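For reference, the structure is listed below as structure tokens.
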Amino acid sequence: MGRNRTIDDDELLRVAREVFREGGHTATTRDVARAAGISQAALYQRFGSKEELFLRAMTPELPDVVALLGAYPPRSAKAHLREISGRLVDFFASMLPTLLHVHAHPGLSATHLKRWHARLPFPPIVHALRERLERMQADQLISLVDADAAAHTLVATAHSAALLETMTGGAHGNLRGAEVSALTDVIWSGLAPSIDRAPAPVRAKSAVSHRQQKARHKRDA
């Protein structure tokens, strides 16, 4: 039985998160109550069930999107997107251990997971990033592509990079710094204003013309 003391929900969830991240889904409400210094009855009065406590505790907090996106206007649009991508990878890498604990839980139903997914910070991040891209488009810093699709692409790329790093323990390289810049540069090829786009390779164009000429000579022969 835990000793009675006052603890608010945020602090209680922080304690529960530490317990579940250490013990996984096998950690019990008794473990959480003991760590928080309250009774199990008080725990159930607040959260109703272990599943609800687990999902609430294992829901990452919303990031500071202002800090995530950085100052505006940027000195360089390309460098700005690189910096945003780096911060996104850092953020996703910090939250992935928590997410993986949830997906490893064998007792959660599809309804539980759907409700939990709705609380994750991906939609607000995509929304904020889309608004930043639209602002960059208005200032003619990037091309007029679909800003929503571009935001989803940046977020998905950063999340995949963080996931690969987490799942492999860095066996495929630490996807930070130069690696993140390289990934962002691929996306930049579709976002760069037309004046910054690289010209089409002359060699490839010449090869096509050469094939067309050969085909034409065969027809004329």
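Can you find a residue that is among the hydroxyl-bearing types (Ser, Thr, Tyr), part of a helix (DSSP H, G or I) and either at pLDDT below 90 or surrounded by 14 or more Cβ atoms within 10 Å (Cβ to Cβ) (or both) anywhere in region 95-116? Scanning region 95-116 turns up at least one residue that is among the hydroxyl-bearing types (Ser, Thr, Tyr), part of a helix (DSSP H, G or I) and either at pLDDT below 90 or surrounded by 14 or more Cβ atoms within 10 Å (Cβ to Cβ) (or both). Say whether the condition of being surrounded by 17 or more Cβ atoms within 10 Å (Cβ to Cβ) and under 30 Å from GLY86 (Cβ atoms) is met by at least one residue in region 16-38. Within region 16-38 (the criterion being surrounded by 17 or more Cβ atoms within 10 Å (Cβ to Cβ) and under 30 Å from GLY86 (Cβ atoms)), the answer is yes, since at least one residue qualifies.
For region 47-55, the condition of being outside the structural domain of ALA192 (by TED's automatic domain parsing) and more than 21 Å from LYS114 (Cα to Cα) holds for none of the residues. Kindly check whether there is at least one residue in region 36-54 that is of a type in the set (Asp, Glu), closer than 18 Å to LEU100 by Cα and part of a helix (DSSP H, G or I). Yes, that holds for at least one residue. Applying a threshold of 6 Å to beta carbon distances and a minimum spacing of six or more residues, or different chains, the list of pairs starting in region 133-147 at a residue that is touching a residue at least 40 places away in the same chain (Cβ under 8 Å) and ending at one that is part of a loop (DSSP other than H, G, I, E, B) reads MET136/ILE142; SER143/PRO193. What about ARG87, is it touching a residue at least 24 places away in the same chain (Cβ under 8 Å) and either among the charged types (D, E, K, R) or over 21 Å from LEU163 (Cα atoms) (or both)? So ARG87 fails the test. Take the conditions (1) in contact (Cβ under 8 Å) with a residue 12 or more places away in the chain; (2) more than 24 Å from GLY169 (Cα to Cα); ALA104 misses just one of them, which is (2).
The values are calculated or read from the model by the stated rules, or taken from the named source; none is laboratory data. Just so you know, these numbers come straight off a predicted model, no measurement behind them. In this analysis, Cβ positions are derived from the backbone assuming ideal geometry, glycine residues included, and neighbour counts consider all displayed protein chains.
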